[in-house]
Structures are given as structure tokens and as C-alpha cells.
Amino acid sequence: MNSRSLAAPLASLLLAALSPLAPAQTSPRQPTALQQARVLVARETAQVRLLERTGLLHPLRVSRRCADRLGRVRLTVLADVRNTPRIVRYRRALPGNNVQFTGYYDATGRLRYATARASGSSGVRYNLAAEYDVRGRLLRETGIRRPGYVTELRRQPGLHVESLRRGLCPG
């Protein structure tokens with residue numbers, strides 16, 4: 001093969017490599033449904049945090065069982081003007097058994113973002129953060145778990161998220 005017979009194919013390859021891509025290929029990638037749902041969770045959570053910072057949330061009554069032996073409250077439920085729980089914070093500290101949970105809820109009372117941590121005498125059991133869509137489906141969960149702790153955050157043993165939202169502490 002001579003250099004002239006190679007020149008045409010090489011020129012077309014070089015031209016293709018240097019020419020701009022088609023408009024559909026150069027436009028930024030459209031966000032996926034999962035990404036859009038996660039953005040909504042982030043916005044909702046930021047809104048609830050703003051409500052708390054500005055003093056627009058008030059505490060709801062919780063069960064008397066939610067106090068430890070020294071009378072310290074283990075559960076706090078903060079609600080908006082319509083008494084819809086927006087933030088739930090739970091902390092139980094026993095020798096060798098600690099559990100913490102914080103949940104952020106939307107205006108209709110659905111859990112949208114939650115963090116939870118539990119540890120025992122042998123160390124951390126789990127340390128998780130989870131995002132939920134408006135239907136309550138898990139969008140994303142991050143963090144660490146000890147082997148054997150495979151249950152989704154809302155259903156972890158000793159952590160009854162729905163009861164906490166209603167002001168009831170686990171036994």
C-alpha cells in the first residue's frame with residue numbers, strides 16, 4: 001500500500017475526531033429520576049432544618065416512658081403549626097447499648113431523610129443515612145453495618161421509627 005491510499009482513510013478519521021459532536025451528544029446529561037428524587041429529599045430536609053433554626057417548630061408531648069431513670073427525655077418530636085411531626089430525635093444510652101435516630105419528615109408526615117447509629121459492647125452495629133421518596137420507598141442508603149445487620153434503617157431491631165413519630169418510645 002502506498003502513502004496516497006492511506007491518506008484518504010486517515011484524513012477521514014482525523015476529520016471525524018476533530019469535528020464537533022452532534023448537539024444531542026454535547027448537551028449535558030439529563031438528570032435521572034433517582035437524581036431528581038434525591039434533590040427533592042435534600043430540599044425538603046433543608047426546609048425542615050430552616051423551620052427548626054427559625055423557631056417555627058414546637059415540641060409535641062411524648063410518652064412518659066421516653067424518659068430515662070434520671071428523668072432525661074430520650075425522645076423529641078418537633079412539629080409545625082399544623083402539629084405535623086417534622087423532626088424526630090431519639091437517643092437511648094444504656095451500658096453497652098446505644099441507639100441514636102434523627103428523622104426529617106415532609107409536610108404530610110412522611111419520612112424523607114433519616115440517620116441512625118447503634119453500638120454495643122463489641123462496637124458499632126450500624127451507622128446509616130437513608131433517603132426516601134414521597135411514597136416511602138428507599139432511594140439511597142449509605143453508611144456502614146456490621147455483618148448480619150442487613151435490615152433497612154426503618155426496621156432495625158429496637159428502633160421503631162413509626163412509633164417514635166407518634167411520641168412512643170420502644171420498650
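Of the peptides 82-91, 146-155, the order by per-residue mean of other Cβ atoms within 10 Å, starting with the highest, comes out as 82-91, 146-155.
Solvent-accessible surface (1.4 Å probe) assigned to Cys169 amounts to roughly 10 Å². Each label was represented as a point 7 Å from its Cα along the Cα-to-Cβ direction; for Leu50 and Asn127 these points are 3.1 nm apart.
Which FRET efficiency, nearest 0.05, do Ala67 and Val39 yield, Cβ-Cβ r, R0 41 Å?
0.60
The values are calculated or read from the model by the stated rules, or taken from the named source; none is laboratory data. Note that this is a predicted model, so its numbers are computed, not measured. With ideal geometry, Cβ positions are generated from the backbone for all residues, glycine too; neighbour counts draw on all protein chains shown. Note: accessible area is taken over every heavy atom of the protein model, side chains too, but ligands, DNA and RNA are not part of it. Shrake-Rupley method; radii C 1.70, N 1.55, O 1.52, S 1.80 Å.
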